[in-house]
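Engineer: First the structure, then my questions, so here it is.
Readers should treat all values here as calculations from the given coordinates under stated rules, not as data from a laboratory. Everything quoted here is computed from the prediction, not taken from an experiment. Note: ideal-geometry Cβ built from the backbone for every residue, glycine included; neighbour counts use all protein chains shown.
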Amino acid sequence: MTHVSGMQRGRLAVALAAVVAMLATACSGGGGGGTTKDVASSYNTPPKQTGSPKDGGTATVALTPGLSPNYIYPYPPAAANGTVIARGLMWRSLYRPSGEGDQIADAELSLAEPPTYSPDRKTVTIKMKDYKWSNGTPVTADDVVFSLALLKAALAESPANWSFYTPGQFPDGVTAQATKPDTLTLKLETAYNPSYLLSMLTLLYVMPSTEWNIAGSGGPHLDYKQPKHAKAIYKYLTKESESQSTFAGNPLWQVVNGPYRLKSFDPTTGSFSLARNESYSGPGESRLDQIDFKAFTSAAAVLNQFKAGNLTVGTLDSSYVTQIDALKAKGYNVYGAPAPARFDSLTINFKNTVDNFDKVISQAYVRQALQRLIDQQGYIASRGIYNGAGSPNYSTAGNDSPYPPAFGDQPPYPYDPAAAEKLLTDNGWKVAPNGSTTCERPGTGTGECGAGIPKGQTISFTLASANSPAFVGARDVAFASAAKKLGIEVKIVTKSLNYMYANYGNTFAPATKNQWAMQDYGPLYLAAGYPSSNTVFNTDGSFNLGSYQNAEVDKLIKASTFGADEKSLATEVNALAEDLPVLFFPTPHTLVVWKDTLSGPQSSFNALISFLYTPELWYFHR
């Protein structure tokens with residue numbers, strides 16, 4: 001990953017002042033002179049599959065700006081700060097994630113039939129489909145056993161090596177056995193909610209057990225069921241994955257079960273090309289000869305390449321929604337919607353001690369006041385932020401979830417600056433608009449500021465803001481502007497996504513906990529179809545970046561993870577929305593663009609909203 005530092009303080013202050021001035025009217029009262037109307041009507045209907053397919057051709061796909069791959073082994077160790085090449089296109093997960101909000105897995109594109117469970121839910125039987133590796137050998141249950149063994153080896157090295165891991169949970173307590181070549185049996189020490197377990201199995205990438213079970217080039221084949229051998233294999237594969245210049249030439253990485261294999265990789269930029277896996281036996285005709293993925297450093301550069309006609313597929317930053325008609329005129333389709341199980345938020349760091357931030361933010365009324373400063377409808381309507389391409393959201397379940405919060409479209413803390421001010425004054429603060437709000441009545445009693453907050457305490461903190469896409473910085477500036485009006489100082493520092501992913505998270509970078517009090521890295525995607533917050537908001541969750549703790553929420557997450565009643569997930573979603581482990585932003589619409597000479601099943605383009613690529617289903621048409 002590359003490190004892109006923030007602007008110098010003076011330049012940043014000037015830039016923020018200019019943006020605040022631009023947004024001042026657009027973000028007040030749900031929109032004003034700087035708003036857009038009915039923008040969604042230009043992109044909310046997905047084009048239908050069309051044309052007579054022809055074989056061949058190369059599709060050029062734009063990667064997310066600023067987030068280029070640098071790793072090839074499916075499970076990069078935490079120390080590598082790895083972004084994996086073409087995840088899911090070379091090595092499939094056992095169950096392919098779905099791009100639909102009411103489904104966890106795409107049954108047609110998965111390597112196995114749906115799991116079956118014993119009455120106590122502790123024995124899971126999985127029948128493999130008839131898939132083949134690129135060398136012609138079948139994908140077997142032993143390959144899944146091997147993959148699970150290597151995942152456990154990674155976690156034995158460090159729990160941080162898999163961001164979906166919570167100690168004591170999957171894959172802990174899971175014993176895998178190939179009872180037949182095509183039959184996998186999982187024995188569970190603790191029963192899981194079937195939907196939750198399925199969401200975990202969509203993250204289990206299946207790797208070739210008879211080609212990768214070595215600890216060195218030309219070395220003997222090892223029994224990976226022995227932990228010491230699994231460790232040696234894992235260390236070898238991750239070491240090989242550090243050599244970016246050999247990604248395309250290393251025979252290890254050419255043994256794949258997905259529809260594509262790596263043809264070339266540019267270590268300088270992160271761009272790469274995929275060629276067809278001629279032995280692929282899954283759905284899809286794989287008519288395209290090649291897929292070129294191009295790295296970009298900015299959304300503007302992506303737009304320019306669309307305008308030049310050099311891209312086949314990509315996403316459009318919502319700041320460029322005014323370009324939709326022009327792109328359509330140049331022969332592109334545009335479709336947009338909120339991605340399933342996505343929520344955008346300000347992640348709160350409850351361990352940041354600078355200016356007693358940890359004491360201040362631990363007060364629920366402070367979080368509620370800050371949430372009431374976020375004008376979701378105004379952000380959506382503003383030309384400077386979402387440009388009309390967004391939907392309100394106040395929960396971790398995202399939009400149109402099968403597990404919605406109980407409050408429906410009546411959020412617990414809607415935009416209301418006056419109510420935000422009252423929350424502060426009712427709890428011992430003297431509000432100084434555009435000045436410095438201070439604690440006037442310290443203590444833990446009714447009407448007092450709260451534990452650990454001394455008299456004269458101000459509310460001042462640092463917000464780390466991603467430099468791309470554009471709406472991230474714009475909404476953070478709008479939030480800081482609203483906070484200033486209540487005498488709250490929000491100091492914005494701009495960082496690259498790669499830098500934030502590597503340095504801002506208490507679970508993997510605790511030494512930097514005082515460098516950020518809040519961060520906005522864009523979206524967080526939970527599992528479509530079952531958006532559990534396990535690992536994200538439970539106290540010991542591996543992706544609990546801000547060290548949020550709530551014993552009641554821990555119980556609810558445990559129930560949605562291990563219980564049989566799937567309705568418990570809606571209770572979890574509701575509790576998190578009310579307690580505010582994060583501050584919720586509206587959800588931007590993901591805008592997908594592709595040439596109208598390219599087509600395929602409508603669902604394959606809908607899935608691009610969740611960045612799930614299925615080019616084996618695409619074709620150029622006559």
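Engineer: By the gyration tensor of its Cα atoms, with a ≥ b ≥ c the square roots of the eigenvalues, what is the shape of segment 407-503: rounded for a/c under 1.5, prolate for a/b over b/c, or oblate? Don't skip to the answer; put the middle values down first.
Structural biologist: Numbers: a/c = 2.11, a/b = 1.60, b/c = 1.32.
Prolate, since a/c reaches 1.5 and a/b exceeds b/c.
Engineer: Residue-wise, which Karplus ³J(HN,Hα) couplings in Hz belong to segment 48-61, taking 6.51 cos²θ - 1.76 cosθ + 1.60, θ = phi - 60°, and x for glycine or proline?
Structural biologist: Whole-Hz 3J(HN,Hα) from phi for segment 48-61: 7, 4, 8, x, 8, x, 10, 7, x, x, 10, 9, 10, 10.
Engineer: Using θ = phi - 60° and the Karplus curve 6.51 cos²θ - 1.76 cosθ + 1.60, what whole-Hz ³J(HN,Hα) does each residue of segment 92-100 get, with Gly and Pro shown as x?
Structural biologist: Using θ = phi - 60°, the values come out as 6, 7, 3, 10, 6, x, 8, x, 9 Hz.
Engineer: Computed FRET efficiency, Cβ-Cβ of Ser243 and Ala564, R0 45 Å: what is it to the nearest 0.05?
Structural biologist: The calculated FRET efficiency here is 0.45.
Engineer: Moving on. What does DSSP give for segment 398-495 in terms of the percent of beta bridges that are antiparallel, rounded to the nearest 5?
Structural biologist: Of the beta bridges lying entirely in segment 398-495, close to 35 percent run antiparallel.
Engineer: Shape of segment 135-245 from its Cα gyration tensor (a ≥ b ≥ c, root eigenvalues): rounded if a/c is under 1.5, otherwise prolate when a/b > b/c, or oblate?
Structural biologist: Oblate, since a/c reaches 1.5 and b/c is not below a/b.
Engineer: Moving on. Alpha carbon centre of segment 131-180 versus segment 51-119: separation in Å?
Structural biologist: Computed from Cα coordinates, the inter-centre distance equals 17 Å.
Engineer: When N is the residue count of the chain, what does its C-alpha Rg come to as a fraction of 2.2 N^0.38 Å?
Structural biologist: Against the empirical 2.2 N^0.38 Å value, I get 0.97 for the chain.
Engineer: For Gln49, enumerate residues with amide H under 5 Å from its amide H, sequence gap 5+ or separate chain, H modeled in the peptide plane.
Structural biologist: Under 5 Å from the amide H of Gln49 lie the amide H atoms of Gln602, each far enough along the sequence or on another chain.
Engineer: With a cut-off of at most 10 other beta carbons within 10 Å, and DSSP calling the residue loop, which chymotrypsin sites (Phe, Trp or Tyr not before Pro) in segment 205-283 qualify? Please list them.
Structural biologist: Details: sites: Tyr205, Trp212, Tyr224, Tyr234, Tyr236, Phe247, Trp253, Tyr260, Phe265, Phe272, Tyr280; in loops: Tyr224, Phe247, Tyr280.
When the chymotrypsin sites (Phe, Trp or Tyr not before Pro) of segment 205-283 are filtered for loop state and at most 10 Cβ neighbours within 10 Å, nothing remains.
Engineer: How would you rank 592-604, 469-481, highest first, on the average number of other Cβ atoms within 10 Å across their residues? Before the final figure, lay out each step's value.
Structural biologist: Working: 592-604: 19.7, 469-481: 23.4.
Ranking, from highest mean packing down: 469-481, 592-604.
Engineer: Distance from the Cα centre of segment 466-542 to that of segment 326-391, in angstrom?
Structural biologist: Cα centroid to Cα centroid, the span is 10 Å.
Engineer: Over the Cα atoms of segment 488-622, compute the convex hull volume and normalise it per residue, giving Å³.
Structural biologist: 171 Å³
Engineer: Continuing with this model, one more query. For Lys132 and Arg441, calculate 0.36 nm times their separation in residues minus their Cα-Cα distance, and state this gained length in nm to one decimal.
Structural biologist: Result for the pair: 104.3 nm of gain on full extension.
Engineer: Next question. Non-local amide H neighbours of Arg383 (under 5 Å, H modeled in plane, Pro and chain starts lacking H): which ones?
Structural biologist: Thr35, Thr36
Engineer: At a threshold of 8 angstrom on Cα-Cα distance, excluding pairs fewer than six apart, so keeping six or more, what relative contact order does segment 130-257 reach in percent? Write out the running numbers ahead of the final one.
Structural biologist: Details: 146 pairs, mean separation 39.6, N = 128.
For segment 130-257, the relative contact order is 31 percent.
Engineer: Let me make sure I get this right: for segment 519-573, a, b and c are the square roots of the gyration tensor eigenvalues over alpha carbons, sorted descending. Under 1.5 in a/c it's rounded, otherwise prolate if a/b > b/c, else oblate. Which is it?
Structural biologist: Oblate, since a/c reaches 1.5 and b/c is not below a/b.
Engineer: Could you give the length gained on full extension between Asp172 and Ala300, defined as 0.36 nm per residue of separation minus the Cα-Cα distance, in nm?
Structural biologist: Length gained, Asp172 through Ala300: 41.6 nm.
Engineer: Taking every Cα atom in segment 270-388, find the radius of gyration and the maximum pairwise distance Dmax, and write them in Å.
Structural biologist: Answer for segment 270-388, Rg first and Dmax second: 21.4, 60 Å.
Engineer: Once phi is turned into ³J(HN,Hα) by the Karplus curve 6.51 cos²θ - 1.76 cosθ + 1.60 with θ = phi - 60°, what whole-Hz value does each residue of segment 235-249 show in order, with x for glycine and proline?
Structural biologist: 5, 5, 5, 5, 5, 4, 6, 7, 8, 5, 5, 9, 3, 7, x
Engineer: Now for a separate question. Under 8 Å for C-alpha pairs, at least 6 residues apart: give me the relative contact order for the chain, rounded to a whole percent.
Structural biologist: 23 percent
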